[in-house]
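Here is the structure we will look at.
The values are calculated or read from the model by the stated rules, or taken from the named source; none is laboratory data. What you are looking at is a predicted structure, and each value in this text was computed from that prediction instead of being measured. Note: ideal-geometry Cβ built from the backbone for every residue, glycine included; neighbour counts use all protein chains shown. Calculation scope for accessible area: heavy atoms of the full protein, side chains included, ligands and nucleic acids excluded. Shrake-Rupley method; radii C 1.70, N 1.55, O 1.52, S 1.80 Å.
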Amino acid sequence: MASRLLNVVRDEVLAASYPEIKDPDLVRLPDGGWMMLASVGNSSVQQWVVGRFTAEGLDGPWRELEAVRFHGLSGPELCAPSTICRREAEGHRWRMYIQTACFSPDGRIISAESADGQNFYPSSDLLVTKDSIVGDLDVIGVYDVGVTEITINSDPYECLAFSGYRRVGSGDLYAAFRSKLAPELGWTTPACILRQEAVPFHNHPEYEHHEWGLEGAKILQEGVAATAHDID
């Protein structure tokens, strides 16, 4: 399958301050069309916001809107979103899962909700930290979450896949699940689903020139899909 660049029309003011785009998350809107939320920033100073882009079809053109506004949420790298939009009786309801940090210890994964797709407020139903992890790896933080919906034994589940890092830049993949039939039971304890050492074509975390760990994962019905998900 051939790859191609997306036709993205930037806002001139935002592009001047935040020239880079990465971590794209595509959301199918209930009434048609698409929204793309992505990390928009400047890696030279590590300043990031969550940008918004809309298009009628996946080929674009994608036109940039005003960035997401977070209320009561903060973090040095509050970006790399994974978002769901549903139609409800009172209108659309947006839920976003997002990291707070990835270049420092104690990164968390938090959730936020929105009625308009731009202003997001904290939700109390999810909080993943390093202390949520049970296992033999020493995790200092979590980041880069992807949310999907899958079926297990004919029952619907929500699935969170994310990276837990042993040190900054050295991440393994973890997952947690929540039943859509009984969401009040909460999320399962996150478990490691893929270590860096288990990927033969990936550089070993203890090698001299190790660059970065596993990240950008989403669990699909067919299995695990790990992507770099960057737009160049």
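Observations on the structure shown:
- Only listed residue being at pLDDT 85 or above, open to solvent by less than 50 Å² (accessible area, probe 1.4 Å) and over 15 Å from the mean Cα position of the chain (by Cα), chosen from Pro200, Pro190: Pro190
- Residues that are of a type in the set (Val, Ile, Thr) and either open to solvent by 30 Å² or more (accessible area, probe 1.4 Å) or more than 23 Å from Phe103 (Cα to Cα) (or both), drawn from region 7-21: Val8, Val9, Val13
- All told, Glu113 meets the bar of being acidic (Asp, Glu), without any contact (Cβ under 8 Å) to a residue 40 or more places away in the chain and assigned to a strand (DSSP E or B).
- Residue list for region 149-165, filter: surrounded by fewer than 17 Cβ atoms within 10 Å (Cβ to Cβ) and touching a residue at least 24 places away in the same chain (Cβ under 8 Å): Glu149, Ile150, Thr151, Ile152, Asp155, Pro156
- Restricting region 166-184 to residues that are open to solvent by 10 Å² or more (accessible area, probe 1.4 Å) and not in a strand (DSSP E or B), the residue that is farthest from Ser124 (Cα to Cα) is Val168.
- Within region 60-114, the set of residues being open to solvent by 20 Å² or more (accessible area, probe 1.4 Å), within 14 Å of the chain's Cα centre (by Cα) and hydrophobic (A, V, I, L, M, F, W, C) comprises just one member, Ile84.
- Some residue of region 57-77 being closer than 20 Å to Trp212 by Cβ and out of contact with any Lys or Arg (no Cβ under 8 Å at 6 or more places or on another chain): yes
- Under the condition of being open to solvent by less than 50 Å² (accessible area, probe 1.4 Å) and acidic (Asp, Glu), the residues counted in region 22-50 number 2.
- Those residues of region 58-91 which are acidic (Asp, Glu) and either under 30 Å from Ser104 (Cα atoms) or in a loop (DSSP other than H, G, I, E, B) (or both), in sequence order: Asp59, Glu64, Glu66, Glu77, Glu90
- The set of residues in region 29-49 that are in contact with a Ser or Thr (Cβ under 7 Å, 6 or more places away or on another chain) and in contact (Cβ under 8 Å) with a residue 40 or more places away in the chain comprises Met35, Leu37.
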